Structure formats: C-alpha cells, structure tokens
Amino acid sequence: VVPTVAWEDGAVVMIDQRRLPAEEVFLRCRDHHEVAAAIRDMAIRGAPAIGVCAAYGLALGARNSVGEGEPLRAEWQAICGELASTRPTAVNLFWAIRRMQGCFDAHAAEGGAGLRDALLAEARQIEAEDLESCRRMGDLGAGLLPAAARVLTHCNAGALATAGYGTALGVIRSAARLGKLDAVFADETRPFLQGARLTAWELLRDGIPVTLLTDNMSGFLMAQGEINAVVVGADRIAANGDVANKVGTYTVAVLAREHKIPFYVAAPVSTIDLATADGRSIPIEERAAEEVTHLAGRRVAAEGVSVRNPAFDVTPARFVTAIVCERGIARPPYDRSLQALAGDARAAVQG
Ligand code: MRU
C-alpha cells in the first residue's frame, strides 16, 4: 500500500505527490505551518487525505505549543483557522478539524501531555477509520460493477487521496481481487495530471493494468462500447446528492448518461455535507493560471491569453447512479438516502 501520510517521531510525513511519478520523495513537516503549506501547495491532495493530514497538523500544532489554558485555546483556534484556509472545496478537511475540535474540548481541562496525547490518538483514529472505510467501500462498490468491468475513472481517488486503498480506486482494487475487472481507463486530468501521474502510478505499482486517456477521449471510447462503468471519488456531496469532484467529472457524467453507462461515486460519510443543500452552495476553488498555461514548468499557452482554472465541478444528482459509502449504498432520491446514511451516525443502510 502506498504510504500517503503518517506521524513519525513528532513530524507529519507524506509522500510529495507533486514529484510523482518521477521521484518518490518524502516531506517531513515539523510544524503546522509546514502542514498547511503542504495541503495548499498540493504536496498532499485528495479529500480524505487532506482531512487526515490536517488532523495530524493539529496534533502537531498542539504539541509544539508551550501554552496552557486560555493562551493554548487561542493558539489552537489560530492553528485550526490556518489549516481550514488551505483549500475550500473538500469538506473532509472541515470535518476533520471539527472532530479534532471536539477532542480538544473534551480534554482541554486536562491540558498538558494528556491533551496532546489525546489529540494525536484522535488523528491516528481518523486515519485508521478512513483506511477501514475505503476497504469497505471498495468491496461494496465492486459488487455494483458488471462482470468483465471496463471502468473509467477521473482524477486520483486512490490510496494517495486517502489514508490508503482509495475510494474509486478502492472499488477498482476490490474488483481486481474478485476477478471482475477487464480494464481500467484513467483520464489524465488536466491541469494537475492526477490521472496520468498518480492514478497510473499507483495502479501499475499494484499490478493493475491501466490505460491512460486524455480528458477529451472518453466520449469516443464510450461510443465504441469500450467502457461499461464509471467510478469517481468526491470532494463534497450536498444533501440533495449533487457531487463536487475534480473538474471534468461533470463532463464524464453527462457522457455516461448519453451512453447509458452507470456513473458511480465512492466517498466516505465524511464527504457528505448535509449542511449544504445543493451543489450551487459548494465553494469551488480557483487555482493559479500557471497550472493551465504551463506544462511541467514550460509555457504552452499563447502569451497574454486569459485563463480560468476551477479545480472542481459539480455533477447534478440526476446523473449519479449510486453513491457508495462505508455504511452502504445510497440511491436516488438522495435527499432521503443520504440522510439515512449520514444523518444518524448509527444508521447502516444496505442497497
Ligand atoms: O485537487 P485534488 O487533487 O485534491 O482533487 C482530488 C479529487 O477531486 C478527488 O477525486 C477527490 O478528492 C476524491 S479522493 C478520494
């Protein structure tokens, strides 16, 4: 399994995803500012992974603080604020910060090493739960795929985007293990190339053959009958089932509908945001123009051209065949099924 993020001797350690697949370099963050920068600058990315990373960043910030009582609380709020400001779309980041806040509140009176140890234990727990969720989603999602599945995925919703195993790639890994997988197609995912660089790297490393497409090829392959399922991850799922995911996902979903191909989303409950009514309220990150104008550091666009670079788009719920979570499979109408899965922590729905 690819090591995504870990706590090691008082540091948050992660594989630097900007340098993959050319180099396997590990980044050691020794304070929470470095953790925040790693998330902002995409050394680590993927919704569940940045949640886990932020949780460790908070544990690290608390350990590095010498304050106690009110001064510590004020410092803690500033650390939470800094990590929350790194990226706006993936709700797992805010979910993890909220969960760490609950742990801080529960142990604040204790203070000292007791509080710091509790925060680290909570971060480790968030990581362990995410890995377990991915394995569960993988197995549930694999059950949805047709025999001899020929699956298209977009971006990287793999081990690198989670605590391990992956969401969409977890489904693909489980399908491969069950002998259900005939082919995997990965969109290259311009402009950051998560598909070409990360999905291709981690699947090949696991011995799962994968075929790379540029982002404009999947329609042709669907029309040729070469793809019979689409599986993607998500950065935030609104209460009505609208799904924010890497830009280009919406295009794939519309194409899948046109070709009567099922479009599945795999995401843990921490990605479901019942407080956001629909996709229009999901904040969409706009990233630097250089990501679009340059390829591998070299300018490819005409000098002076204006650029848009939304990092995510929203796929309306009506294009989503089913949403696979660790607690079960949600189907339309999503306002009801997502509430059943995520509205009550004890609920476990199968479908
Ligand atoms: O900008 P990124 O690379 O963080 O975007 C990642 C995605 O859009 C993934 O598909 C999503 O986070 C799901 S990861 C399991």
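Figures for the structure shown
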quantity	calculated
Every residue from segment 227-255 that is within 11 Å of the ligand (Cβ to nearest atom) and in a helix (DSSP H, G or I)	249
Positions within segment 185-227 being more than 24 Å from residue 299 (Cα to Cα), in contact with a helix residue (DSSP H, G or I) (Cβ under 6 Å, 6 or more places away or on another chain) and acidic (Asp, Glu), in sequence order	202
Any hit, segment 95-102, residues being open to solvent by less than 10 Å² (accessible area, probe 1.4 Å) and within 16 Å of the ligand (Cβ to nearest atom)	yes
Boolean, residue 73 is of a type outside the set (Ser, Thr, Tyr) and either more than 22 Å from the chain's Cα centre (by Cα) or within 18 Å of residue 155 (Cβ to Cβ) (or both)	yes
Count of segment 271-286 residues which are without any contact (Cβ under 8 Å) to a residue 60 or more places away in the chain and open to solvent by 50 Å² or more (accessible area, probe 1.4 Å)	5
Spans of strands (runs of 3 or more DSSP E) in segment 114-226 with at least 1 residues buried (at least 24 other Cβ atoms within 10 Å of the Cβ) and among the polar types (S, T, N, Q)	149-153
Output for segment 259-315, where each listed residue is at pLDDT below 95 and in a loop (DSSP other than H, G, I, E, B)	296, 297
Residue within segment 111-134 that is in contact with a Phe, Trp or Tyr (Cβ under 7 Å, 6 or more places away or on another chain) and within 16 Å of the ligand (Cβ to nearest atom) present	yes
Residues being crowded, with 21+ Cβ neighbours inside 10 Å and either free of Cβ contacts under 8 Å to residues at least 40 places away in the same chain or farther than 14 Å from residue 52 by Cα (or both) - total across segment 63-85	3
Conditions (1) aliphatic (A, V, I, L, M); (2) open to solvent by 30 Å² or more (accessible area, probe 1.4 Å); (3) touching a residue at least 60 places away in the same chain (Cβ under 8 Å): number failed by residue 5	(2)
Qualifying position, being touching a residue at least 40 places away in the same chain (Cβ under 8 Å) and open to solvent by 20 Å² or more (accessible area, probe 1.4 Å), among 262, 268	262
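The values are calculated or read from the model by the stated rules, or taken from the named source; none is laboratory data. Here the structure is a predicted model, which is why all the values come from computation and not from measurement. Counting neighbours? That spans all protein chains shown, and the Cβs are built from the backbone with ideal geometry, glycine included. To get the accessible areas, we keep the full protein, side chains included, count just its heavy atoms, and leave off ligands, DNA and RNA. Shrake-Rupley method; radii C 1.70, N 1.55, O 1.52, S 1.80 Å.
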